[in-house]
Amino acid sequence: MQTMIDSTIPAAANGVAMGAPQETARKVAIICSKGSLDMAYPGLILANAARMMGIDAVLFFTFWGMDIIREATVDKLHAGVVGNPGTHMPAMIAGLPGMEGLATRMMKKKIEEIDVPTVRELIETLSDSGAEIYACQMAMEMMDIKREELLPQVQDVITAMDFFEKSAGAQVIFI
Amino acid sequence: MTTAMLAGHEITLNDDGFMTDPQQWTPEIAEEMAQRAGIALTDRHWTVIEFVRRDAAEKGTAPGLRRITAETGVPTKELYQLFPKGPGILAAKISGWPKPKSCV
């Protein structure tokens, strides 16, 4: 199909102009409730991909996900092996001493090899990209976590109801 | 896929509006594409575009943002200021390449 782009802008050329494939502002809200290494990455990578294509991103960390945004734990996340069928290991082998450490080391090595950023770097990148990062107030209270223990990239400590306000109109993803 | 006239050149675009043949790209096309995205290209944009062109030609695919930041020294925050509607796809689009395969 041959089209001219002068005073009239045809649909295809209009596509050239847009950041995201849709003209309406898109938004994703991702709830990160797990703190293992293998469950930390999916939410962070999805949020980052959203920002890369101009989609607004809100991240809400709760329960075990709090480990991802705590200074004391962010660099020490472990790969979950027990009860994880994805390891293709018999449960009694996965539960042996040292298996979790081994799986964590293997995963971190692979992450480095394929040039994927660390969890800490991803949080920094997300913050720089304009993603909103929030911690769950109830989880903070339950786990006795103080505001000053959280990474500086955490914008605020909010309630579940606050989360629903901030995620109005967003696609919600629970991890 | 569709054909369009941009900055006096005939170019081929895929359904998402990315150029399918990087050889058809000219700096004037970049200027016009940027303008349509509401961006007036500055030297900083050109630092990014020139790197994307060079790197993509070498690797066969447009670089992700982490690679752009590491190789050009343009920080993440600035990339989002330069391409507010999504640097991950706009840097590639304006450089005449399809969207990057990288997630970071």
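The values are calculated or read from the model by the stated rules, or taken from the named source; none is laboratory data. In this text, all values refer to a predicted model and were calculated from it rather than measured experimentally. Glycine also receives a Cβ, built like all others from the backbone with ideal geometry; neighbour counts cover every protein chain displayed.
So the values come out like this:
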| item | result |
| --- | --- |
| Count of residues meeting criterion [at the interface with chain A (Cβ under 8 Å from one of its Cβ atoms) and on the phi < 0 side of the Ramachandran plot] in the range B:11-28 | 3 |
| Residues within the range A:150-164 that are surrounded by fewer than 15 Cβ atoms within 10 Å (Cβ to Cβ) and either in contact (Cβ under 8 Å) with a residue 60 or more places away in the chain or more than 17 Å from A:LEU44 (Cα to Cα) (or both), tallied | 5 |
| Matching entry among A:ARG70, A:ARG105 (being touching a residue at least 12 places away in the same chain (Cβ under 8 Å) and among the charged types (D, E, K, R)) | A:ARG70 |
| Qualifying positions in the range A:124-139 - small (Gly, Ala, Ser) and either within 9 Å of another protein chain (Cβ to nearest Cβ) or in a helix (DSSP H, G or I) (or both) | A:SER127, A:SER129, A:GLY130, A:ALA139 |
| Odd one out for B:THR2 among (1) modelled with pLDDT of 95 or more; (2) among the β-branched types (Val, Ile, Thr); (3) in contact with a strand residue (DSSP E or B) (Cβ under 8 Å, 6 or more places away or on another chain) | (1) |
| Subset of the range B:26-59 that is part of a helix (DSSP H, G or I) and among the small types (Gly, Ala, Ser) - its residue that is nearest to B:LEU82 (Cα to Cα) | B:ALA34 |
| Residue under evaluation B:GLN23, criteria (1) part of a helix (DSSP H, G or I); (2) within 22 Å of B:SER102 (Cβ to Cβ), criterion not met | (2) |
| Only one of A:ALA91, A:ALA79, A:ALA103, A:ALA139 that is at pLDDT 95 or above and over 30 Å from B:LEU82 (Cβ atoms) | A:ALA139 |
| Any hit, the range A:122-132, residues being modelled with pLDDT under 95 and on the phi > 0 side of the Ramachandran plot | no |
| Odd one out for A:ARG105 among (1) surrounded by fewer than 17 Cβ atoms within 10 Å (Cβ to Cβ); (2) of a type outside the set (Phe, Trp, Tyr); (3) within 14 Å of chain B (Cβ to nearest Cβ) | (3) |
| Pair list, Cβ under 6 Å, 6 or more apart: the range B:1-13 residue in a strand (DSSP E or B), other residue surrounded by 18 or more Cβ atoms within 10 Å (Cβ to Cβ) and among the aromatic types (Phe, Trp, Tyr) | none |
| Qualifying residue in the range B:35-44 (condition: surrounded by fewer than 18 Cβ atoms within 10 Å (Cβ to Cβ), closer than 28 Å to B:GLU10 by Cβ and small (Gly, Ala, Ser)) | yes |
| Residue among B:GLU31, B:GLU71, B:GLU58, B:GLU50 that alone is more than 8 Å from chain A (Cβ to nearest Cβ), under 30 Å from A:THR118 (Cβ atoms) and within 11 Å of the chain's Cα centre (by Cα) | B:GLU50 |
| Candidate set: the range A:106-121, residues that are under 20 Å from A:GLY65 (Cα atoms) and of a type in the set (Lys, Arg); chosen: the one modelled with the lowest pLDDT | A:LYS108 |
| Pairs with Cβ under 6 Å, 6+ apart, first in the range B:23-36 and without any contact (Cβ under 8 Å) to a residue 12 or more places away in the chain and of a type in the set (S, T, N, Q), second surrounded by 17 or more Cβ atoms within 10 Å (Cβ to Cβ) and assigned to a loop (DSSP other than H, G, I, E, B) | none |
| Unmet criterion (only one of (1) away from chain B (no Cβ under 14 Å); (2) modelled with pLDDT under 95; (3) surrounded by 18 or more Cβ atoms within 10 Å (Cβ to Cβ); (4) in a helix (DSSP H, G or I)) for A:GLY65 | (2) |
